[in-house]
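What follows is a short report on a single structure.
The values are calculated or read from the model by the stated rules, or taken from the named source; none is laboratory data. Keep in mind the model is a prediction, meaning the values are calculated, not measured. Glycine also receives a Cβ, built like all others from the backbone with ideal geometry; neighbour counts cover every protein chain displayed.
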Amino acid sequence: MTFDELPSAVEKLDGRLSRIEETLGRLLEVIGDKSELHEFISRAQVCELLHITPQTLHQWVRQGKIVSYKIGTRTLFKPSEVMAAVKAVEVKVGKNKNI
């Protein structure tokens, strides 16, 4: 990366971090009070929060990126673990030098 490319790279990184911030904000709205972190959220809620399709969520679960729980016939997720997965992506984006 050259010095002339730096402003563009910083702008791209800022955009990515803003989207991550928005996602974390929406997640915090869903989980509300931290004492409720032990509760579960549905696949549809996770997809809505992360702006992904159910197929992508299924792939991420199979790849171990997000932990899911089967309760009866339902697949559910702990909000705190979804948040941890989003933060893991944030760390990867922060360390990515090829923006």
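Can you spot a residue in region 38-46 that is at pLDDT below 90, buried (at least 16 other Cβ atoms within 10 Å of the Cβ) and not polar (S, T, N, Q)? Scanning region 38-46, I find no residue that is at pLDDT below 90, buried (at least 16 other Cβ atoms within 10 Å of the Cβ) and not polar (S, T, N, Q), so the answer is no. Taking first residues from region 50-76 that are within 18 Å of E39 (Cβ to Cβ) and partners that are part of a loop (DSSP other than H, G, I, E, B), the Cβ contacts under 6 Å between residues at least 6 apart in sequence or on separate chains come to T75/S68; L76/F40.
Candidates L57, L76: the one that is surrounded by 13 or more Cβ atoms within 10 Å (Cβ to Cβ) and in contact with a helix residue (DSSP H, G or I) (Cβ under 6 Å, 6 or more places away or on another chain) is L57.
Condition check for G15 on (1) at pLDDT 90 or above; (2) part of a helix (DSSP H, G or I); (3) more than 11 Å from the chain's Cα centre (by Cα); (4) surrounded by 13 or more Cβ atoms within 10 Å (Cβ to Cβ): one failure, at (4). When E22 is tested against (1) modelled with pLDDT of 90 or more; (2) assigned to a helix (DSSP H, G or I); (3) of a type in the set (D, E, K, R), only condition (1) is not met.
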